[in-house]
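Right, one structure below, let's go through it.
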Amino acid sequence: MKTLESYCTQIIDAAIESVKPSVLIPKSVRINENKLSIADSVFDLSAIKSIYIIGAGKASGFMAYEIEKILGSKITQGVVSVYDSGNIKLNNIKLIEAGHPLPNENSLIAGKEIFELVSSAGEDDLVITLISGGGSALMELLPENFSLDEYRELTNLMLRSGADINEINSIRKSISQIKGGKLANAISPATSITLIISDVVGDNLGSIASGPTFINDKENRDARSVLHKYNLFDKIPHSIKKYFRELYDDNKLSHQQIENQSIFIIGNNLTALNAAKEKAEYLGFDSKIVNDKLVGEARSAGIEIAIHLKNNLNVDKPTCLIFGGETTVTIKGNGLGGRNQELVLAALIEIKELNKNFIIASVGTDGRDGPTDAAGAFINRKSWNKANELNLNPQKFLEENNSYYFFKSLDTLIKTGTTGTNVMDIQVGLLM
């Protein structure tokens with residue numbers, strides 16, 4: 001007899017598989033002679049002199065691999081920044097392994113090489129940009145007076161503050177010389193095509209990898225208000241503080257709209273959730289996507305999911321509740337964990353000794369939850385009693401942001417390894 005853990009694994013695996021570049025790129029991109037078809041658009045390559053491939057993100061290396069399979073020798077040159085190259089072998093595209101979640105020297109090298117490559121493109125050229133989650137850290141071009149250490153310190157402060165991804169990226173764009181549409185300016189007058197695997201709730205083009213090829217003059221660009229909102233302004237490095245006080249000007253961030261630019265989202269969190277729902281129904285569960293925009297504090301989201309599960313206790317059929325999005329964690333303790341593990345720990349405290357066969361799991365689709373080797377964690381009807389047997393206080397672990405060691409003790413960490421994609425997080429609740 002199959003266990004709930006087995007069913008849950010199959011559902012999560014189906015979700016992640018559906019958003020891998022090896023599935024998404026062949027579905028979206030085709031070539032017939034000199035006609036390049038992407039979704040419902042067709043691009044005539046007969047007048048194109050050179051094709052350049054650039055990109056950044058956790059999935060961008062695999063995206064580049066799939067694009068090279070399609071375009072082959074038509075590619076003139078390329079540079080793509082990745083977190084893990086995964087032993088990908090490419091002929092005409094250079095891969096640079098860079099830092100995440102904090103940028104490193106290779107992030108700057110990648111940003112410089114990508115910017116210089118597209119700046120050389122002319123009006124008879126085509127630039128295809130491959131973007132996925134993680135691109136903000138993996139590709140960067142800083143102002144001359146900024147040091148990498150100062151920028152890393154700023155990034156770390158933002159990541160620990162509880163700010164959401166849109167707020168964090170508004171600060172990144174205000175500083176970066178490549179984000180917030182500035183890469184699009186460099187690509188012009190070449191034809192620009194951007195393929196995106198989205199890791200942002202609502203698929204906000206300005207937030208995915210901080211929108212390097214997306215131009216939106218109406219976007220709120222006042223990064224200073226975000227710094228003050230989270231009491232960060234007095235904590236940021238001196239040179240960055242000086243920049244915001246003396247040099248930063250919202251009006252300088254406006255851009256002229258660019259022609260010959262197309263942006264396509266080829267996969268997102270909802271793609272994964274729909275695949276999870278389909279798999280759950282195939283396995284015999286009455287399945288429902290409850291919330292595909294799960295945001296806010298991870299512990300609050302965990303409570304929400306646990307309550308939804310408790311509200312379905314009287315349902316006679318095997319039930320699968322599916323959630324997706326990206327929560328945040330305000331770090332106050334000195335423990336180790338990630339938003340998915342913290343979410344599940346909060347769910348356990350809410351659901352406690354539920355006397356029914358259940359499971360709640362939460363995973364990052366990229367296979368990495370925070371600074372850990374786990375993608376997430378799960379709980380079941382045995383988890384609360386096992387914690388008591390081991391003299392583990394769930395509330396204390398939660399307060400210390402130490403969810404990783406809690407679930408390591410329970411042996412309920414979920415480890416997928418690097419998945420080659422990134423569409424935020426998925427949560428699965430099963431009742432039987």
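State all residues of region 121-138 that are in a loop (DSSP other than H, G, I, E, B) and out of contact with any Phe, Trp or Tyr (no Cβ under 9 Å at 6 or more places or on another chain); if no residue qualifies, say none.
Gly122, Glu123, Asp124, Gly133
For the condition in contact (Cβ under 8 Å) with a residue 60 or more places away in the chain, within 16 Å of the chain's Cα centre (by Cα), surrounded by fewer than 23 Cβ atoms within 10 Å (Cβ to Cβ) and under 29 Å from Val29 (Cβ atoms), what is the one hit in Asp124, Asp84?
Asp84
Taking region 402-432, which residues are touching a helix residue (DSSP H, G or I) at 6+ places or on another chain (Cβ under 7 Å), over 22 Å from Gly57 (Cβ atoms) and part of a loop (DSSP other than H, G, I, E, B)?
Thr412, Met432
Please go through region 39-63 and give me each residue that is in contact with a Leu (Cβ under 7 Å, 6 or more places away or on another chain) and closer than 15 Å to Ala98 by Cα, ordered by number.
Answer for region 39-63, where residues must be in contact with a Leu (Cβ under 7 Å, 6 or more places away or on another chain) and closer than 15 Å to Ala98 by Cα: Ile54, Gly55, Ala56, Gly57, Ser60, Gly61.
Here is a yes/no grid of residues against (1) charged (D, E, K, R); (2) at negative phi; (3) not in a loop (DSSP other than H, G, I, E, B); (4) not assigned by TED's automatic domain parsing to the domain that holds Leu36:
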{"position": "Leu142", "(1), (2), (3), (4)": "no, yes, no, no"}
{"position": "Leu154", "(1), (2), (3), (4)": "no, yes, yes, yes"}
{"position": "Leu157", "(1), (2), (3), (4)": "no, yes, yes, yes"}
{"position": "Arg160", "(1), (2), (3), (4)": "yes, yes, yes, yes"}
{"position": "Leu195", "(1), (2), (3), (4)": "no, yes, yes, no"}
{"position": "Gly206", "(1), (2), (3), (4)": "no, yes, no, no"}
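Show me the helices (runs of 4 or more DSSP H) found entirely inside region 1-120 where at least 1 residues are under 21 Å from Pro212 (Cβ atoms).
Helices (runs of 4 or more DSSP H) meeting the threshold: 21-28, 60-71, 105-119.
Would you mind finding the one in Ser22, Ser18, Ser46, Ser50 that is without any contact (Cβ under 8 Å) to a residue 40 or more places away in the chain and out of contact with any strand residue (DSSP E or B) (no Cβ under 6 Å at 6 or more places or on another chain)?
Criteria check complete, one pass: Ser46.
Condition check ((1) out of contact with any Ser or Thr (no Cβ under 7 Å at 6 or more places or on another chain); (2) in the same structural domain as Gly133 (by TED's automatic domain parsing); (3) of a type in the set (Val, Ile, Thr); (4) part of a loop (DSSP other than H, G, I, E, B)) across all residues:
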position: Asn274; (1), (2), (3), (4): yes, no, no, no
position: Lys279; (1), (2), (3), (4): yes, no, no, no
position: Asn291; (1), (2), (3), (4): yes, no, no, no
position: Ser300; (1), (2), (3), (4): yes, no, no, no
position: Cys320; (1), (2), (3), (4): no, no, no, no
position: Gly324; (1), (2), (3), (4): yes, no, no, no
position: Ile331; (1), (2), (3), (4): yes, no, yes, yes
position: Asn340; (1), (2), (3), (4): no, no, no, no
position: Ala347; (1), (2), (3), (4): yes, no, no, no
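Restricting the search to region 1-43, which residues are under 30 Å from Met432 (Cα atoms) and exposed (fewer than 13 other Cβ atoms within 10 Å of the Cβ)?
Hits for region 1-43 are Met1, Lys2, Thr3, Ser6.
Please find, within region 127-148, the residue that is farthest from the chain's Cα centre (by Cα) out of those that are surrounded by fewer than 24 Cβ atoms within 10 Å (Cβ to Cβ) and in contact (Cβ under 8 Å) with a residue 12 or more places away in the chain.
Asn145
Which condition number does Ser383 fail, the rest of (1) in contact with a helix residue (DSSP H, G or I) (Cβ under 7 Å, 6 or more places away or on another chain); (2) more than 30 Å from Gly267 (Cα to Cα); (3) of a type in the set (S, T, N, Q); (4) surrounded by fewer than 24 Cβ atoms within 10 Å (Cβ to Cβ) being met?
That leaves (4) as the condition not met.
The values are calculated or read from the model by the stated rules, or taken from the named source; none is laboratory data. From a predicted model like this one, the values you see are computed outputs, not experimental measurements. Positions of Cβ are generated from backbone atoms using ideal geometry, with glycine treated the same way; all protein chains shown enter the neighbour counts.
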